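Trainee: The structure follows.
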Amino acid sequence: MITHHLSDKLLMAYSTGTLPEAFNLAVATHIAMCDECRARLASFDAVGGAVLEEVSEPSVTMRADALSATLARVKAQPPVQRKVAVPPKDDVIPAPLRDYLGADGEIRWRSLGGGAKQMVLETSEHATARLLFIPAGTAVPDHTHGGLELTLVLQGAFADEHDRFGRGDVEIADEETHHQPVAEMGEDCICLAVTDAPLKFRGLIPRLAQPFLGI
Ligand code: ZN
Ligand code: ZN
């Protein structure tokens, strides 16, 4: 049961194709898991199409025949197909994410110390996507954010001072958010975390957790 969804702003940016690849991946992965956001995206896509037709109305700068030729060409195009497969519910890694793991589909974890692990995914610059493995009951050091952070839960759950996030839930954090996520007891937590600026860790002890400082 997903209770934390994507914002309108993110869905709109995804629909218009203006997000960096790493954020696109997080949005596509949530949409693969979430019927509600998939439906909201469809309405954003429809609005986007309508806006496109409006701006294509005849204008003084375009001859009428040129316009109709252009429109005819646009209409002849097959509709854009997005690769949004609906995965089986027990599939930890949804389809959009699988393409980033390499041919064998294995997650190549690198230790961060304390049982935590990460795999940085290869995306274009401007934002970073990583899979994080946080052992059950373990805290990520207390931090604030230099920019936008999207955290999508793929397995297990975590809680911070603000809320609880289970599988499929997405937490949207920004410069205003200061939190300390803790993986719930019972099951190790795997998340897809996307950031467009490094996190800022606070306090002395987190600073000793050097491996996290690169996140
Ligand atoms: Zn959703
Ligand atoms: Zn954070």
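Trainee: Looking only at residues that are away from ligand 1 (no atom under 15 Å from the Cβ) and buried (at least 22 other Cβ atoms within 10 Å of the Cβ) in the range 143-157, which one is nearest to Ala183 (Cα to Cα)?
Mentor: Gly156
Trainee: I want to confirm something. Restricting to the range 158-203 and keeping residues that are within 16 Å of ligand 1 (Cβ to nearest atom) and assigned to a loop (DSSP other than H, G, I, E, B), which single residue is surrounded by the fewest Cβ atoms within 10 Å (Cβ to Cβ)?
Mentor: Among residues in the range 158-203 that are within 16 Å of ligand 1 (Cβ to nearest atom) and assigned to a loop (DSSP other than H, G, I, E, B), the one surrounded by the fewest Cβ atoms within 10 Å (Cβ to Cβ) is Asp163.
Condition check ((1) touching a Lys or Arg at 6+ places or on another chain (Cβ under 7 Å); (2) closer than 16 Å to Ser124 by Cα) across all residues:
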site: Ser7; (1), (2): no, no
site: Glu21; (1), (2): no, yes
site: Asn24; (1), (2): no, yes
site: Val27; (1), (2): no, yes
site: Ile31; (1), (2): yes, no
site: Glu36; (1), (2): no, no
site: Ser43; (1), (2): no, no
site: Val47; (1), (2): no, no
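Trainee: Out of the residues in the range 14-35 that are of a type in the set (Gly, Ala, Ser) and open to solvent by 10 Å² or more (accessible area, probe 1.4 Å), which is nearest to ligand 2 (Cβ to nearest atom)?
Mentor: Ala28
Trainee: Related question: Does Ile2 meet the test of being in contact with an Asp or Glu (Cβ under 8 Å, 6 or more places away or on another chain), at pLDDT 55 or above, among the β-branched types (Val, Ile, Thr) and closer than 19 Å to Leu192 by Cβ?
Mentor: yes
Trainee: Return the total of residues in the range 93-141 being farther than 27 Å from Ile31 by Cβ, open to solvent by 30 Å² or more (accessible area, probe 1.4 Å) and not in a strand (DSSP E or B).
Mentor: Count: 5.
Trainee: Then there is this: Select from the range 142-173 the residues that are near ligand 2 (Cβ under 10 Å from one of its atoms), touching a strand residue (DSSP E or B) at 6+ places or on another chain (Cβ under 6 Å) and farther than 16 Å from Val27 by Cα and list them in ascending order.
Mentor: Selection gives His143, Thr144, His145, Asp160.
The values are calculated or read from the model by the stated rules, or taken from the named source; none is laboratory data. For clarity, every value in this text was computed on a predicted model and none was experimentally measured. All Cβ positions, glycine included, derive from the backbone under ideal geometry; neighbour counts span all protein chains shown. Each accessible area value is taken on the protein alone, full model and side chains, heavy atoms only, with ligands, DNA and RNA left out. Shrake-Rupley method; radii C 1.70, N 1.55, O 1.52, S 1.80 Å.
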